[in-house]
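Q: Take a look at the following structure, please.
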Amino acid sequence: MSFIEIKSFAKINLALNVTGKLKLLHKIESIISFISLYDLIFIKKIKGLSHQISFYGNFSKNIDSNNTVTKLFKILDEKKLLKDRKFEIKIKKNIPQEAGLGGGSMNASSVLNFLVKKKIVKISQKQIQNISSLIGSDVILGINQSSVILKSNNVVQKFSKCPKFHTLLVKPNFGCSTKEIYSRVKKITNSKFNNPKKSMFNAEYLLRQENALEGAAFSRYPKLKKIKSFLENLKNPLFVRMTGSGSVIIAYYQSKKDCEMVKVQFKRKYKNYWCNTSKTI
């Protein structure tokens, strides 16, 4: 049997608020899109006693054995949902780690999505949500990927045909630990996105929003604040914002030409930083 190819797209937080604190986690709400940057997943059924999961590519270093895809197959096996079938999975990592792009979470949701759509795993929507939450809090966002608003009560509302942006993604030569950034959060705000509307994806609305994790990330890594400021002063972006808990900073543009031009200017100053031009999908 030959490999089947799956694209696992990166997610970005166009806006994010921290609305409360639970015992171990923070309550958040967020406006989320996906972009044209993706990891490539190759999957096929094999004969054998165990699954074979491997990673390669630019951002495959230091992925531990307890990664999201391994967790997914462990759960599916424990629940006997694969009926003893085994799979080989190879993942080409194009999405950087500790970046705020949800690469690992989206890998798990892309594989689960595939298994459900191909009827290899037959489960209800409620079971999908349950399995997703056992792997990680944002895995559910990647099921049937589309623009979504995550409400503060953890309910996800999907939207289609949202405004598109050209994006310049920039990552310095360090990542941000999600756990560490959240541990430094002081700013708790009232919920703003509990009545989700498609208009919330408009640039005019997003311009007035923020990523509430920036304060915590910038105090820990002042270099991120400098990058944001530098991008804000190049070719009039619509807005510039960190995604997730960082360390990727994104400049948003209406024009692909402007986006590409800024990439060249940015690389002149920050030669060793990872830089990617993408588009929301």
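Q: Between Leu206, Leu141, which is in contact with a helix residue (DSSP H, G or I) (Cβ under 8 Å, 6 or more places away or on another chain), closer than 30 Å to Cys275 by Cβ and in the same structural domain as Ile227 (by TED's automatic domain parsing)?
A: Values: Leu141 fails: in the same structural domain as Ile227 (by TED's automatic domain parsing).
Only one candidate passes the filter, namely Leu206.
Q: Kindly provide the set of residues from the range 1-43 that are part of a loop (DSSP other than H, G, I, E, B) and either among the aliphatic types (A, V, I, L, M) or crowded, with 21+ Cβ neighbours inside 10 Å (or both), ordered by number.
A: Within the range 1-43, the first condition is being part of a loop (DSSP other than H, G, I, E, B), and the residues that meet it are 1-3, 22-25.
Selection gives Met1, Leu22, Leu24, Leu25.
Q: Could you please find all residues in the range 247-261 being under 23 Å from the mean Cα position of the chain (by Cα) and assigned to a helix (DSSP H, G or I)?
A: Matches in the range 247-261: Lys256, Cys259, Glu260.
Q: With respect to Ser60, determine if the residue is assigned to a loop (DSSP other than H, G, I, E, B), of a type in the set (Ser, Thr, Tyr), under 18 Å from the mean Cα position of the chain (by Cα) and over 16 Å from Lys11 (Cα atoms).
A: Judged against the criteria, Ser60 is a match.
Q: Report whether or not Ala251 is touching an Asp or Glu at 6+ places or on another chain (Cβ under 9 Å), under 16 Å from Tyr182 (Cβ atoms) and not assigned by TED's automatic domain parsing to the domain that holds Gly20. Walk me through how you get there before you give the answer.
A: Numbers: touching an Asp or Glu at 6+ places or on another chain (Cβ under 9 Å): yes; under 16 Å from Tyr182 (Cβ atoms): no; not assigned by TED's automatic domain parsing to the domain that holds Gly20: yes.
No: the conditions fail for Ala251.
Q: Same structure, new question: Limited to the range 47-86, what total is found for residues that are of a type outside the set (Lys, Arg), more than 23 Å from Gly100 (Cβ to Cβ) and either at pLDDT below 95 or out of contact with any Ser or Thr (no Cβ under 7 Å at 6 or more places or on another chain) (or both)?
A: The initial filter retains those residues of the range 47-86 that are of a type outside the set (Lys, Arg), namely 48-60, 62-70, 72-73, 75-78, 81-82, 84.
From the residues that got through so far, the ones that are more than 23 Å from Gly100 (Cβ to Cβ) too are 48-54, 65, 73, 75-78, 81-82, 84.
The next check asks that each one be either at pLDDT below 95 or out of contact with any Ser or Thr (no Cβ under 7 Å at 6 or more places or on another chain) (or both); those that pass are 48-52, 54, 65, 73, 75-78, 81-82, 84.
Summing the residues that are of a type outside the set (Lys, Arg), more than 23 Å from Gly100 (Cβ to Cβ) and either at pLDDT below 95 or out of contact with any Ser or Thr (no Cβ under 7 Å at 6 or more places or on another chain) (or both) in the range 47-86 gives 15.
Q: Scan the range 113-128 residue by residue and report those that are closer than 18 Å to Asn154 by Cβ and surrounded by 16 or more Cβ atoms within 10 Å (Cβ to Cβ).
A: Ile128
Q: Of all residues in the range 7-46, which are among the small types (Gly, Ala, Ser) and at pLDDT 95 or above?
A: Within the range 7-46, the subset among the small types (Gly, Ala, Ser) is 8, 10, 15, 20, 30, 33, 36.
Passing the criteria: Ser8, Ala10, Ala15, Ser30, Ser33, Ser36.
Q: Continuing with this model, one more query. Can you pull out the residues in the range 175-197 that are exposed (fewer than 15 other Cβ atoms within 10 Å of the Cβ) and part of a helix (DSSP H, G or I)?
A: Lys179, Glu180, Ser183
Q: Still on this structure: Go through the range 75-96 and give me each residue that's in contact (Cβ under 8 Å) with a residue 40 or more places away in the chain and among the hydrophobic types (A, V, I, L, M, F, W, C).
A: Within the range 75-96, Ile75, Leu76, Leu81, Phe87, Ile89, Ile91, Ile95 qualify.
Q: Which of the following residues is aliphatic (A, V, I, L, M) and free of Cβ contacts under 8 Å to residues at least 24 places away in the same chain: Leu24, Leu37, Leu14?
A: On the way: Leu37 fails: free of Cβ contacts under 8 Å to residues at least 24 places away in the same chain; Leu14 fails: free of Cβ contacts under 8 Å to residues at least 24 places away in the same chain.
Matching residue, one of Leu24, Leu37, Leu14: Leu24.
Q: Any idea which of Lys228, Lys223, Lys263 is assigned by TED's automatic domain parsing to the domain that holds Ser191 and more than 26 Å from Glu180 (Cβ to Cβ)? Working first, answer last.
A: Values: Lys228 fails: more than 26 Å from Glu180 (Cβ to Cβ); Lys223 fails: more than 26 Å from Glu180 (Cβ to Cβ).
Only one candidate qualifies: Lys263.
Q: Further question on the same structure: Test of understanding: among Leu141, Leu101, Leu72, Leu169, which residue is buried (at least 16 other Cβ atoms within 10 Å of the Cβ) and either without any contact (Cβ under 8 Å) to a residue 60 or more places away in the chain or closer than 18 Å to Ile43 by Cα (or both)?
A: Details: Leu141 fails: either without any contact (Cβ under 8 Å) to a residue 60 or more places away in the chain or closer than 18 Å to Ile43 by Cα (or both); Leu101 fails: either without any contact (Cβ under 8 Å) to a residue 60 or more places away in the chain or closer than 18 Å to Ile43 by Cα (or both); Leu169 fails: either without any contact (Cβ under 8 Å) to a residue 60 or more places away in the chain or closer than 18 Å to Ile43 by Cα (or both).
Being buried (at least 16 other Cβ atoms within 10 Å of the Cβ) and either without any contact (Cβ under 8 Å) to a residue 60 or more places away in the chain or closer than 18 Å to Ile43 by Cα (or both) holds for just one of Leu141, Leu101, Leu72, Leu169, which is Leu72.
The values are calculated or read from the model by the stated rules, or taken from the named source; none is laboratory data. Worth saying up front: this structure is predicted, and the values here are computed from it rather than measured. Glycine gets a Cβ as well: all are built from the backbone with ideal geometry, and neighbour counts include every protein chain shown.
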